[in-house]
Amino acid sequence: MARRSLPEINAGSMADIAFLLLIFWLVTTTIDSDEGIKRQLPPPVPEDLVDIPPVRERNVFVVLVNSNDDLLVEGEELKIGRLKQKAKDFLIANGDGLLYGDKPEDPDLPVRERISKAAVKQKVGEYREFVKTAADDETKDTYQKVLEDWEKKLSAIELLGGEFKTLPGSAIISMRNDNNTTYDAYLNVQNELEAAVNELRDELAVAKFGMTYKELEDEYEKNSENTEMLAKIYAVRLVYPQRISEAEPSSANN
């Protein structure tokens, strides 16, 4: 009796189905991506630099976290619950001339620089002339970028009511951790420092534009062509820039 042969299974269609399922998974699956905390790192020291320019202590807000998770701010031990207000005092410095008014100068805090409409308009006029008379395209592009920065500052001044004060370029919050600092302590300090900046931005945004800073950002995300919203965000950032620099962790107990 002849043995009956088994029917062959057509695997071609199964391969097509598997391929379609793979494409569906790639299209619909959301893959989480880790994002680091945005921070301004200290620039490398040039090799040919012999004399390091002095740093004014009043312009640096020093935050240290040692191996025992103890918090030291400006050389003094501080509870984490007081860090945000301490950082706000540094950022407000000697009065911002908008919400807090001018206060008697504190020698331990940076002096905010006054940015006036007249001075910025003068810079805009100067760089417009530089762009017109530039000798070559490369020089023209350089002047054009600087001009755009001054034009954004002019727009910010008009939005803020004529002038404002901002921290000097050298003013910064400097954070340093020990290698044995716990991650929870590190995050707690980061959160308090960010909260200090965000609260000041919110206060200014609400006072000038009737919206919190976060609401301004959310509105801009909905419509990236909203140049007015972008100008308001830039204006708030000019008054309260986020300058939190992290030094390389040390192995010594602070």
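Pairs linking a residue in the stretch 74-87 that is modelled with pLDDT under 90 to a residue that is β-branched (Val, Ile, Thr) and not in a helix (DSSP H, G or I), with Cβ atoms under 7 Å and 6 or more positions apart or on different chains, are Glu74/Val62. Note on the stretch 183-237: residues that are β-branched (Val, Ile, Thr) and more than 14 Å from Leu159 (Cα to Cα) total 3. Scoring Ala185 on the criteria (1) under 27 Å from Val63 (Cβ atoms); (2) under 18 Å from the mean Cα position of the chain (by Cα); (3) touching a residue at least 40 places away in the same chain (Cβ under 8 Å) leaves a single failure, condition (2).
The set of residues in the stretch 172-196 that are surrounded by fewer than 19 Cβ atoms within 10 Å (Cβ to Cβ) and acidic (Asp, Glu) comprises Asp184, Glu194. Among the conditions (1) assigned to a helix (DSSP H, G or I); (2) in contact (Cβ under 8 Å) with a residue 40 or more places away in the chain; (3) charged (D, E, K, R), Lys121 misses just one, which is (2). A residue that is buried (at least 18 other Cβ atoms within 10 Å of the Cβ) and closer than 18 Å to Arg112 by Cα occurs somewhere in the stretch 204-226.
Residues of the stretch 234-254 that are part of a loop (DSSP other than H, G, I, E, B), modelled with pLDDT under 85 and touching a Lys or Arg at 6+ places or on another chain (Cβ under 6 Å): Ala247 alone. Looking at Arg58, is it among the basic types (Lys, Arg), at pLDDT 65 or above and touching an Asp or Glu at 6+ places or on another chain (Cβ under 8 Å)? Yes; evaluated as a whole, the condition is true for this residue.
The rows are residues; the columns are (1) touching a Phe, Trp or Tyr at 6+ places or on another chain (Cβ under 8 Å); (2) outside any helix (DSSP H, G or I).
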{"position": "Trp150", "(1), (2)": "yes, no"}
{"position": "Ser174", "(1), (2)": "yes, yes"}
{"position": "Asp184", "(1), (2)": "no, no"}
{"position": "Gln190", "(1), (2)": "no, no"}
{"position": "Glu199", "(1), (2)": "no, no"}
{"position": "Glu203", "(1), (2)": "no, no"}
{"position": "Asp218", "(1), (2)": "no, no"}
{"position": "Glu228", "(1), (2)": "no, no"}
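Within the stretch 212-227, residues that are under 19 Å from Asp202 (Cα atoms) sit with their Cβ atoms under 6 Å from residues that are part of a helix (DSSP H, G or I) and of a type in the set (D, E, K, R), at 6+ positions apart or across chains, in these pairs: Thr212/Asp202; Tyr213/Arg201; Tyr213/Asp202; Leu216/Lys232.
Across the stretch 127-141, what is the number of residues that are over 12 Å from Lys153 (Cβ atoms) and surrounded by 14 or more Cβ atoms within 10 Å (Cβ to Cβ)? Show your work before the answer.
Step one: list which residues in the stretch 127-141 are over 12 Å from Lys153 (Cβ atoms), which gives 128-141.
Remaining after also requiring surrounded by 14 or more Cβ atoms within 10 Å (Cβ to Cβ): 128, 130-131, 134, 140.
Looking only at that region, the number is 5.
Within the stretch 167-179, the set of residues being closer than 22 Å to Lys121 by Cβ and touching a strand residue (DSSP E or B) at 6+ places or on another chain (Cβ under 6 Å) comprises just one member, Pro168.
The values are calculated or read from the model by the stated rules, or taken from the named source; none is laboratory data. Keep in mind that what you see is a predicted model, and the values were worked out from it rather than measured. Note: ideal-geometry Cβ built from the backbone for every residue, glycine included; neighbour counts use all protein chains shown.
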